[in-house]
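Participant: The structure follows.
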Amino acid sequence: MKVVVDFDLCESNAVCMGIAPEVFEVRDDDFLYILDEHPGPELHDKVREAVERCPKQAISLEETDA
Amino acid sequence: MTGLVVVGASLAGVHAAEGLRRAGFDGPIHLVGAESHRPYDRPPLSKDFLTDEQVDENRLVLRPVAEDGALDLTWHLGTRAVALSNDHGNVELSSGETLAADGVVVATGCRPRRLPLSTFEGRDQSDVDGVVSLRTLNDARELRHRLRSADGPVVVCGAGFIGAEVAASARQLGCEVVMVEVADAPLARVLDAEAGMAVVDLHRRHGVDVRLGVGVDHGHTDGGRLTAVTLSDGTELACAVLVVGIGVIPNTEWLEGSGLTVGSGSDDGVLVDDRCRAAPSVVAVGDVARRPHRRFGGTTMRVEQWDNAVAMGGYGAKSLLAALEWRGNDGEGVVVEPFDPVPWFWSDQYDRKIQFAGIATDDPEIVQGSEGDRQFVRAYFGDEDRVLGVLAWNRPRQAIIGRQLIEAGADRATVHDRLG
Ligand SMILES: Cc1cc2nc3c(=O)[nH]c(=O)nc-3n(C[C@H](O)[C@H](O)[C@H](O)COP(=O)(O)OP(=O)(O)OC[C@H]3O[C@@H](n4cnc5c(N)ncnc54)[C@H](O)[C@@H]3O)c2cc1C
Ligand code: SF4
């Protein structure tokens, strides 16, 4: 799984960080950082939840073999 | 099973349908929606959809629907449910059709409250050219057009979040804007008076003429077209567009006689338990549902917020399958814990990202910055110094951490430590 964020849409509201802090972090500079573009299987459910709950529909997933 | 019926094809209903499929339900799902558009997202309608003509309506389509055909639904758009009958086993439609349902998801949301007929000499506001409420894509198209062609002041009646966002968007378009609010401080019900006044100051700094403690009493028309309004203090204002943002009413009329508990006034909406259940085979989700909040003393509230509709839709789907004792192909059923997340919403006004988690109490305290700053964090405390609400201006990180602190029942010292 590869995590892709459309930074033109993202408004840094940190919802994704609340759900999967291992993968997403909004820092004090108000930008979103992806900490792990290829999260392991144990994080997939959380990442899917983040996709669902992102108010800007800015996160998408590319399914890869890993 | 003959199938499940989701009534209301918007945020909560679509997420419920997606939740049913995610849980593995592969029987028929009917999605009934009064609007004819493909289900779309509402928050942009008061924000960039108004200010930016480049916003493509296709971008508003909700993700689960925009994703290719994954949900495999039977669509009934442009169709209303008119009754829930036969011990909740039938959903009757405006088309005359009756759908048999093993289980029903009620997700019919809310509609804007209207000004009393007496405001316009016995006419409904929708019959007066120049008066608009904002809930649907059609409303937003009309408002966008009117704001761009306004040849006089825009009056916003009601300084709630939607009114305030429209006022901000109208200012960004260069309109002259007057915002009137009957309360002495706006948002006093949702936030507190002081935080409400921070919103007022923000608008005043951006050139909005904010008038508090007054309402719109009367609309003057000329040939069916609005020209001016008289406020409750007697002031008359020229007015090209009147935006009515005075709250919403849940769409529950179709449930009359269904046996579900539907309240009115301050108890409006469909009452559900802590598993979103309104009856053994019926769940209600999103803006229409009134649910108990254990963290806030068990009080029941409707939550008119985006995140709630998404979460409750997905949860309600699972809860319905659990109630129906449905089993997947692998023989596994669905188990749900009670639903009680901390409410959270955002509002964008000018360059401010306002976020609020939990509820306001009469014990607010600034934990970072001050109300006049571009950035500040304010927390609301309850019994035993536990944090129950967090308001964050341009501090998204703190808002989300604040929500987690509320979830964890953190005390005042911890809040200062983590958010200060
Ligand atoms: C302009 C605007 C801006 C907003 N901005 C924000 C924001 O910034 N942040 C935030 O947190 N929230 C915001 N919200 C709130 C958020 O959009 C709502 O909480 C959300 O739309 C609720 O979803 P819902 O599906 O429960 O109800 P709704 O979106 O109201 O959908 C209910 C649907 O059911 C249909 N329906 C009604 N009766 C029937 C019937 N009898 N049969 C069939 N269909 C029926 C309706 O036509 C409607 O399409 C905003 C709302 C609006 C209107
Ligand atoms: S939830 Fe969406 S909009 Fe918010 S920070 Fe994450 S990607 Fe950006």
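Participant: Can you name the number of the only condition in (1) in a strand (DSSP E or B); (2) aliphatic (A, V, I, L, M); (3) away from ligand 2 (no atom under 16 Å from the Cβ) that B:A357 fails?
Facilitator: Answer for B:A357: the failing condition is (3).
Participant: Looking at B:R22, is it open to solvent by 40 Å² or more (accessible area, probe 1.4 Å), in contact with a helix residue (DSSP H, G or I) (Cβ under 8 Å, 6 or more places away or on another chain) and closer than 21 Å to B:G78 by Cβ?
Facilitator: Details: open to solvent by 40 Å² or more (accessible area, probe 1.4 Å): yes; in contact with a helix residue (DSSP H, G or I) (Cβ under 8 Å, 6 or more places away or on another chain): yes; closer than 21 Å to B:G78 by Cβ: no.
In short, no.
Participant: Would you check if there is a residue in the stretch B:27-46 being within 16 Å of ligand 2 (Cβ to nearest atom) and either in a helix (DSSP H, G or I) or among the aromatic types (F, W, Y) (or both)?
Facilitator: Yes, there is a match, as at least one residue in the stretch B:27-46 is within 16 Å of ligand 2 (Cβ to nearest atom) and either in a helix (DSSP H, G or I) or among the aromatic types (F, W, Y) (or both).
Participant: May I pose another question? Can you spot a residue in the stretch B:329-345 that is open to solvent by less than 40 Å² (accessible area, probe 1.4 Å), within 16 Å of ligand 1 (Cβ to nearest atom) and either in the same structural domain as B:T51 (by TED's automatic domain parsing) or outside any loop (DSSP other than H, G, I, E, B) (or both)?
Facilitator: Taking every residue of the stretch B:329-345 in turn, at least one turns out to be open to solvent by less than 40 Å² (accessible area, probe 1.4 Å), within 16 Å of ligand 1 (Cβ to nearest atom) and either in the same structural domain as B:T51 (by TED's automatic domain parsing) or outside any loop (DSSP other than H, G, I, E, B) (or both).
Participant: Among the numbered conditions (1) part of a helix (DSSP H, G or I); (2) away from every other protein chain (no Cβ under 14 Å), tell me where A:E22 comes up short.
Facilitator: (1)
Participant: Take the residues of the stretch B:360-375 that are away from every other protein chain (no Cβ under 14 Å) and not in a loop (DSSP other than H, G, I, E, B): which is nearest to B:G316 (Cα to Cα)?
Facilitator: Checked the stretch B:360-375; the qualifying residue nearest to B:G316 (Cα to Cα) is B:P364.
Participant: If you go through the stretch B:200-219, how many residues are more than 19 Å from B:C175 (Cα to Cα) and touching a helix residue (DSSP H, G or I) at 6+ places or on another chain (Cβ under 9 Å)?
Facilitator: Final tally of qualifying residues: 5.
Participant: Is it the case that the stretch B:30-46 has a residue that's open to solvent by 10 Å² or more (accessible area, probe 1.4 Å), away from ligand 1 (no atom under 12 Å from the Cβ) and touching a residue at least 24 places away in the same chain (Cβ under 8 Å)?
Facilitator: No, every residue in the stretch B:30-46 fails to be open to solvent by 10 Å² or more (accessible area, probe 1.4 Å), away from ligand 1 (no atom under 12 Å from the Cβ) and touching a residue at least 24 places away in the same chain (Cβ under 8 Å).
Participant: Ok, one more. Any residue at all in the stretch B:276-287 that's at pLDDT 95 or above, open to solvent by 30 Å² or more (accessible area, probe 1.4 Å) and under 29 Å from B:V387 (Cα atoms)?
Facilitator: Of the stretch B:276-287, the ones at pLDDT 95 or above are B:276-287.
From what's left, open to solvent by 30 Å² or more (accessible area, probe 1.4 Å): B:277, B:280.
If we keep only those that are under 29 Å from B:V387 (Cα atoms) too, we end up with B:277.
Yes, the stretch B:276-287 contains a residue that is at pLDDT 95 or above, open to solvent by 30 Å² or more (accessible area, probe 1.4 Å) and under 29 Å from B:V387 (Cα atoms).
Participant: Something else about it: Criterion first (of a type in the set (V, I, T) and farther than 22 Å from B:A66 by Cβ) does A:V5 satisfy it? Working first, answer last.
Facilitator: Details: of a type in the set (V, I, T): yes; farther than 22 Å from B:A66 by Cβ: no.
Taking the combined requirement at face value, the residue does not satisfy it.
Participant: Considering the stretch B:376-395 alone, what residues qualify as being in a loop (DSSP other than H, G, I, E, B) and crowded, with 24+ Cβ neighbours inside 10 Å? Don't jump to the end; show me each part of the working.
Facilitator: Residues of the stretch B:376-395 in a loop (DSSP other than H, G, I, E, B): B:382, B:394-395.
Within the stretch B:376-395, just B:R395 meets the criteria.
Residue-wise test of (1) modelled with pLDDT of 95 or more; (2) more than 21 Å from the chain's Cα centre (by Cα); (3) assigned to a helix (DSSP H, G or I).
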| residue | (1), (2), (3) |
| --- | --- |
| B:G96 | yes, yes, no |
| B:R111 | yes, no, no |
| B:A140 | yes, no, yes |
| B:R146 | yes, yes, yes |
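The values are calculated or read from the model by the stated rules, or taken from the named source; none is laboratory data. Just so it is clear, the structure is predicted and the values come from calculations on it, not from any experiment. In this analysis, Cβ positions are derived from the backbone assuming ideal geometry, glycine residues included, and neighbour counts consider all displayed protein chains. What goes into the accessible areas is simple: the full protein's heavy atoms, side chains included, and nothing from ligands, DNA or RNA. Shrake-Rupley method; radii C 1.70, N 1.55, O 1.52, S 1.80 Å.
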